[in-house]
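Colleague: Here it is: the structure, laid out below.
The values are calculated or read from the model by the stated rules, or taken from the named source; none is laboratory data. Remember, predicted model here, so these are calculated numbers, not experimental data. Cβ sites come from the backbone with ideal geometry, for glycine too, and all protein chains shown count toward neighbours. In case anyone asks, the SASA skips ligands and DNA or RNA and just uses the protein heavy atoms, side chains included. Shrake-Rupley method; radii C 1.70, N 1.55, O 1.52, S 1.80 Å.
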Amino acid sequence: MAEPTYHRPVLLAEVLECLAADYEGLWVDGTVGEGGHAQAILEASPRSRVLGIDRDGRSLARAAERLREYGDRFIPAQGSYSNMVELASAQGIAHASGVLLDLGISSRQVEAQGYGLSFQMDEPLDMRFDSGEATATAADIVNTYAEAELAQLLFKYGEEPRARAIAREIVRRRPINSTGSLAEAVSRATGPGRNRRIHPATRTFQALRIAVNDELTHLEQGLQSAIKLLIPRKHGVSPGGRLVVISYHSLEDRLVKAMLVRESARCVCPPGLPVCVCGHQPTLQLLTRRAVRPSAEEVEANPRSRSARLRAAERI
């Protein structure tokens, strides 16, 4: 029987270094996926434990199978990392030595049937990470939003320059209930183009996926939850808990950067005030001044890593 293949974790060495994962501790992988990063953390310290969280029960089951040899050192929990404090508490966990958020989706989620995330196959237009959630699907959005509202969504979440033309074509073709029909509508709206590096429907599918799963709201809440869960630095001596976030597009990265900069600042008053009146107390110390990018060697070995950006901070 062939060995199962798993999604390749991105920036693995950099994640372990920023987390200081060779120390014994309790780590939270808030987007555990198929368990690649979690496995490396468990290998880095023989007595560490990992709480692995994922909204996608299918991915979580694969992670649990992959990490079965580690016994109760791996603790699976289905849910959103925005609720990591509550999910950890349910397992008797009050604090964490580190939190990892890898915001990418795995190649299996894109390529496997049942998610409706890919324009490379024709299937129902769903896009929910957890199909059991009673939330709107991508089909609900493309078939009910007003044209202007749909164009705004595509521009905001997909940074799609042809958002108006695409929205117009989608509305003209309604109802659209499959990934293939949506991809065809987008291709028709954008035209053949020249020297395209990506499929014309890439940004549209990204925008709908973000909207369906409310990803940016979950990210903002997840960052705040991570700060609450991380162990604070004691007396300025022992290290505080580490937060590591890997993002893959500018919307995520801007949000992560803004949050980390704000939480590491001693003053968040509006510019121009003569004295500080905010009384803000920093909760983080930046570990990365600039986003860490994958090496050329990693991109060559794993092209899906090319857009990854890692940022890290320590709880104080």
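Colleague: Can you confirm whether residue 63 is open to solvent by less than 20 Å² (accessible area, probe 1.4 Å) and not in a strand (DSSP E or B)?
Modeller: Here the answer is yes, as residue 63 does meet what is asked.
Colleague: State all residues of the range 7-19 that are assigned to a loop (DSSP other than H, G, I, E, B) and surrounded by 19 or more Cβ atoms within 10 Å (Cβ to Cβ); if no residue qualifies, say none.
Modeller: Of the range 7-19, the ones assigned to a loop (DSSP other than H, G, I, E, B) are 7-11.
Those that are assigned to a loop (DSSP other than H, G, I, E, B) and surrounded by 19 or more Cβ atoms within 10 Å (Cβ to Cβ): 7, 9, 10, 11.
Colleague: Only one of these conditions is not met by residue 300: (1) in a helix (DSSP H, G or I); (2) open to solvent by less than 60 Å² (accessible area, probe 1.4 Å); (3) farther than 21 Å from residue 26 by Cα. Which number is it?
Modeller: Status for residue 300: all satisfied but (2).
Colleague: Would you pick out the residues in the range 168-198 that are in contact (Cβ under 8 Å) with a residue 40 or more places away in the chain and open to solvent by 70 Å² or more (accessible area, probe 1.4 Å)?
Modeller: 177
Colleague: Within the range 186-197, is there a residue that is in contact with a Leu (Cβ under 7 Å, 6 or more places away or on another chain) and at pLDDT 95 or above?
Modeller: no
Colleague: In the set 123, 86, which member is of a type in the set (D, E, K, R) and out of contact with any strand residue (DSSP E or B) (no Cβ under 9 Å at 6 or more places or on another chain)?
Modeller: Result: 86 is the single residue among 123, 86 that is of a type in the set (D, E, K, R) and out of contact with any strand residue (DSSP E or B) (no Cβ under 9 Å at 6 or more places or on another chain).
Colleague: Restricting to the range 19-71, what's the tally of residues that are among the hydrophobic types (A, V, I, L, M, F, W, C) and over 20 Å from the mean Cα position of the chain (by Cα)?
Modeller: 6
Colleague: Note down all Cβ pairs under 6 Å where the first residue falls in the range 96-107 and is closer than 26 Å to residue 231 by Cβ and part of a strand (DSSP E or B), the second is of a type in the set (Val, Ile, Thr) and modelled with pLDDT of 95 or more, and they're at least six residues apart or on different chains.
Modeller: These pairs meet every condition: 96/28; 99/28; 100/244; 101/31; 101/245; 102/31; 102/246.
Colleague: In the range 89-97, is there at least one residue being within 24 Å of residue 308 (Cβ to Cβ) and either open to solvent by less than 10 Å² (accessible area, probe 1.4 Å) or touching a Phe, Trp or Tyr at 6+ places or on another chain (Cβ under 9 Å) (or both)?
Modeller: Looking through the range 89-97, at least one residue is within 24 Å of residue 308 (Cβ to Cβ) and either open to solvent by less than 10 Å² (accessible area, probe 1.4 Å) or touching a Phe, Trp or Tyr at 6+ places or on another chain (Cβ under 9 Å) (or both).
Colleague: Do you know which residues across the range 240-278 are outside any helix (DSSP H, G or I), open to solvent by 90 Å² or more (accessible area, probe 1.4 Å) and of a type outside the set (A, V, I, L, M)?
Modeller: Scanning the range 240-278 gives 266, 271, 274.
Colleague: For residues in the range 72-88 being open to solvent by 50 Å² or more (accessible area, probe 1.4 Å) and in contact (Cβ under 8 Å) with a residue 24 or more places away in the chain, which is farthest from the chain's Cα centre (by Cα)?
Modeller: Of the range 72-88, the ones open to solvent by 50 Å² or more (accessible area, probe 1.4 Å) are 72, 76, 78, 83, 86.
Still in the running and in contact (Cβ under 8 Å) with a residue 24 or more places away in the chain: 76, 78, 83.
Values: 76: 18, 78: 15, 83: 14 Å.
For the range 72-88, the residue satisfying everything is 76.
Colleague: Which of (1) within 16 Å of residue 54 (Cβ to Cβ); (2) out of contact with any Gly (no Cβ under 8 Å at 6 or more places or on another chain); (3) open to solvent by 80 Å² or more (accessible area, probe 1.4 Å) does residue 133 not meet, given it meets every other one?
Modeller: Of the numbered conditions (1) within 16 Å of residue 54 (Cβ to Cβ); (2) out of contact with any Gly (no Cβ under 8 Å at 6 or more places or on another chain); (3) open to solvent by 80 Å² or more (accessible area, probe 1.4 Å), the odd one out for residue 133 is (3).
Colleague: Looking only at residues that are open to solvent by less than 20 Å² (accessible area, probe 1.4 Å) and modelled with pLDDT under 85 in the range 98-115, which one is nearest to the chain's Cα centre (by Cα)?
Modeller: Applying the filter and picking the extreme gives 106.
Colleague: Please verify whether residue 230 is surrounded by 18 or more Cβ atoms within 10 Å (Cβ to Cβ) and farther than 23 Å from residue 14 by Cα, treating the condition exactly as stated.
Modeller: no
Colleague: Filter the range 119-160 for residues that are among the hydroxyl-bearing types (Ser, Thr, Tyr) and under 20 Å from residue 198 (Cβ atoms) and give the result.
Modeller: Answer for the range 119-160, where residues must be among the hydroxyl-bearing types (Ser, Thr, Tyr) and under 20 Å from residue 198 (Cβ atoms): just 157.
Colleague: Would you be able to say whether some residue in the range 268-288 is under 28 Å from residue 158 (Cα atoms) and either modelled with pLDDT of 95 or more or not aliphatic (A, V, I, L, M) (or both)?
Modeller: Yes; the residues of the range 268-288 include at least one that is under 28 Å from residue 158 (Cα atoms) and either modelled with pLDDT of 95 or more or not aliphatic (A, V, I, L, M) (or both).
Colleague: Taking the range 41-56, which residues are open to solvent by less than 30 Å² (accessible area, probe 1.4 Å) and in a helix (DSSP H, G or I)?
Modeller: Residues satisfying the conditions are 41, 42.
Colleague: Ok, one more. Restricting the search to the range 156-183, which residues are part of a helix (DSSP H, G or I) and touching a Lys or Arg at 6+ places or on another chain (Cβ under 8 Å)?
Modeller: 158, 169, 181
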